[in-house]
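The values are calculated or read from the model by the stated rules, or taken from the named source; none is laboratory data. Predicted model only: the values in this text are computed from it and were never measured. With ideal geometry, Cβ positions are generated from the backbone for all residues, glycine too; neighbour counts draw on all protein chains shown. When the accessible area is computed, the model is the full protein with side chains, heavy atoms only, and any ligands, DNA or RNA have been set aside. Shrake-Rupley method; radii C 1.70, N 1.55, O 1.52, S 1.80 Å.
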Amino acid sequence: MSLKLPRPYRRAPKLPLAEALALDCLQSFAADDGLCMHPACDLLVTHLSITPTHADNLLGSLISRHVILLSAKHFAILSPLSRALKKERDRNRHRALKTQSQNHSISHSPPSWSLRTRVLQLFPALRGPVDRPASYNRPAAFEALLKEHPHHHKNACPSDVEILTDACYPGELTTVLTLIEEQRSANRLPVLLFTRKAIYVGVRRAPKR
């Protein structure tokens, strides 16, 4: 699952006094991981004795500075949340390395992503795009060539395709066209292999008789 936090706020320059007081108030209610299950606006109105409009303005400023995340009924303070997610990620990585180094017949506890799952449930806007357009995975400069010729991702290169070139980048379009024409002149079928940034020219080998 994808999770991308905004870059946490660095406390320099310092927050204005009103925003610093609001952040301190929110921190007093947040758990160690920075999450809180109470509406942030209500907390500020009640404990700072300010109007809802002023509280909304303070929260908006903290959000724009990447200090907090906010949903209708929950808030999270980014710095402790970021640290807690890193600890969870490191713990699972160390657990996976330990499992690989030891006998696989020994039972090990599976990785736990409880905090990450909870954050995604509370703040679904953090979830990255699940489906990217196909054009994202290949160079746009070669899109017309890829449509014209048989092509595959380089990691899925068919066994009967021989790659003839190193990686060719968008600035080398003329070279690619020349290579394709050379293979056509030799009565060979050019096949293109692509990655996200480059393409390779290959040919389909004739089946052995």
Original post:
When the accessible area of the chain is split by element with a 1.4 Å probe, what percent falls to carbon and sulfur?
Top reply: 53 percent
Original post:
Taking the highest mean first, how do the peptides 166-173, 54-61, 26-33 order by number of other beta carbon atoms within 10 angstrom per residue?
Top reply: 54-61, 26-33, 166-173
Original post:
In nm, what is the difference between 0.36 nm times the number of residues separating Arg83 and Ala167 and their Cα-Cα distance?
Top reply: 26.4 nm
Original post:
How much accessible area per residue does region 32-93 have, in Å², with a 1.4 Å probe?
Top reply: 52 Å²
Original post:
Which of the aspartates and glutamates could a cross-linker bridge to Lys154, judged by Cα under 13 Å and excluding same-chain residues fewer than eight apart?
Top reply: Glu162, Asp166
**OP:** Enumerate the aspartates and glutamates that Lys147 could reach by cross-link, defined here as Cα to Cα under 17 Å, with residues fewer than 8 away along the same chain left out.
**Re:** Glu181
Subject >> Protection proxy ranking, peptides 179-187, 75-83, average beta carbon neighbours within 10 Å, highest first >> reply: 75-83, 179-187
**OP:** Give Lys87/Lys197; Lys4/Lys197; Lys14/Lys73; Lys4/Lys98 a once-over and call out the pairs whose C-alpha atoms are over 29 Å from each other.
**Re:** Lys87/Lys197
Subject >> Built amide H within the under 5 Å cut-off of His38, gap 5+ >> reply: Phe75
Original post:
Over the chain, what is the percentage of antiparallel beta bridges among all DSSP beta bridges, to the nearest 5?
Top reply: 80 percent
